[in-house]
Amino acid sequence: ASAVVIQGHVDMVTEKNSESSHNFETDPILLRQFTMRENETWLGARDTTLGADNGIGVAAALALLETPVDEDGIIMPPIEALFTIDEETGLTGAAELDAKALGLTGKTMLNLDMEEWGELYVGCAGGGESSLTLPLTRTTTSIDDAELVEIKVDGLMGGHSGLNIHEGRANAILLCAMAAQSALKASSDVSLVSITGGDKHNAIPREAIAKFSVSSPEAKQAVQEAATKCAIAAKAEYGALEANLRITIIESNMESTCQEQIPPLEKDSATRLISMLMALPHGPIKFSHAMPDLVETSNNIASITMPVNGKDEATILCSTRSSIGDALESTRNRLAAIAALAGASIEKSTPYPGWNPNMKSPLLQLGKDVLLAENGDQPAVKAVHAGLECGLLIEKMGGDVDALSFGPTIEGAHSPDERIHADTVPLFYAFVQEILAKLAEK
């Protein structure tokens, strides 16, 4: 039989409750067993993350390596255990894998890093970031008598830019840009000073602020009316989902703020900035044909920054995801085209590859057959619109790798609430053994 790669990552997220004195460098994880729901047995930690993500996958691989061949009728193919580092902080181990140097020969891989027992995962998104920098020009007109008025967007849900991108959650930067556009159109005495918002590449922005210089009471009223109008429109569009959405006005005198030395933007610069923001795609761009409920390609307008001192420019960060490499680059090329039209430059990060679902995968079919025989129900087959190690590992291992990802049920990962449903662990391990036994027969 051919070798089978059993894969997991050895790092964990180290989070603890504020009152805990736990030292992850020196202290052991203190376990606690408890019951939930209908007499389910769960295992957690005391005030810290448990490390079941992905300690359980690593433990399963080590247990397989210690299992004597043919003992008690157990049959296994050759096992190649692959343990990676830094999965939680950037997939570093997978990115640096040298399969040839390690002597990896397996073309079938079981990734033991999913968290819902009974579900089989066959795909994930790749991704890459794009940074668009737009040069701006500010006025030379005196602003001594001007007032600074801010439109603030906050109270949004935000969320993961992959896992939540299909839910139609509002993007604070886009709402702020729409409000700014409305304010500038309402009065010639309104000038844009800055737009800022968002802070993480993998999060949908929850907050954003647009700052304006207003030189008349009518202009100030125009900004207030624009904010009110946009708040009504946003609540009509998102209110059922974004229950805490707010678009409010904040007033201050120009002389009392750090903005006193920063004149407003020239009208052309403000128009180009807002137009570029409005033109950039946000949200799902395409759904998969193989798995219709799966977002195949998306873009998140993640953040916009404008330095208080230094160059007059705006930098917009976009995070693009796709399970298909060409579609990822096609979307990033669209961003480059929009940047070019606005007069901006663009820098693209090196992308990490996705894992395109193969619904005809022999390993998937084997997994479905085994679970159907064990549970009596057809298992759910899924893909995730977020980064997993599988995409990178498949590429590093030559591309012709048949992979399947699964695991026991884990809840609250990456937090001190992390817990593993202990009742699903023996089922999970028996499933791994049964798949290996079937593969050993081939």
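The values are calculated or read from the model by the stated rules, or taken from the named source; none is laboratory data. Model, not experiment: these values are computed from the prediction. Note: ideal-geometry Cβ built from the backbone for every residue, glycine included; neighbour counts use all protein chains shown. Accessible surface areas use protein heavy atoms only, side chains included; no ligands, DNA or RNA. Shrake-Rupley method; radii C 1.70, N 1.55, O 1.52, S 1.80 Å.
In summary, the aspartates and glutamates within cross-link reach of Lys200, defined as a Cα separation below 12 angstrom excluding same-chain residues under 8 places away, comprise Glu129.
By the scheme Lys and Arg +1, Asp and Glu -1, what is the net charge of all other residues having a beta-carbon under 10 Å from that of Leu136?
On the way: positive: Arg138, Arg272, Lys311; negative: Glu266, Asp268, Asp312, Glu313.
Neighbourhood net charge equals -1.
Over the chain, accessible surface divided per residue gives 46 Å², non-protein components excluded, 1.4 Å probe. Among the listed pairs Lys211/Lys348; Lys235/Lys267; Lys152/Lys235; Lys185/Lys229, those whose Cα-Cα separation exceeds 21 Å are Lys211/Lys348; Lys235/Lys267. Quick one: among Ala236, Ala339, Ala302, which has the greatest mean-square fluctuation in a GNM of the chain with alpha-carbon springs under 10 angstrom? Comparing Ala236, Ala339, Ala302 in a Gaussian network model of the chain, the most mobile one is Ala236. Other residues whose C-beta falls under 12 angstrom from the C-beta of Ala231 contribute a net charge of 0, scoring Lys and Arg +1 and Asp and Glu -1.
Taking Ser194, Ser349, Ser288 in turn, the Gaussian network model of the chain (Cα-Cα springs below 10 Å) assigns the largest fluctuation to Ser349.
When the Cα gyration tensor is reduced to axis lengths a ≥ b ≥ c, the ratio a/c is 1.5 or higher for the stretch 1-130, and with a/b not above b/c it is classed as oblate. Bridgeable lysines around Lys442 (alpha carbons under 19 Å apart, same-chain partners fewer than 8 residues away excluded): Lys107, Lys360, Lys368.
Of the accessible area of the stretch 216-372, computed with a 1.4 Å probe over protein heavy atoms only, carbon and sulfur atoms account for 53 percent. What net charge is computed for the residues neighbouring Leu241, neighbours being all others with C-beta under 11 Å from the C-beta of Leu241, Lys and Arg scored +1, Asp and Glu -1? Local net charge: -1.
When you restrict to C-alpha pairs under 8 Å that are six or more residues apart and normalise by the size of the chain, the relative contact order lands at 28 percent.
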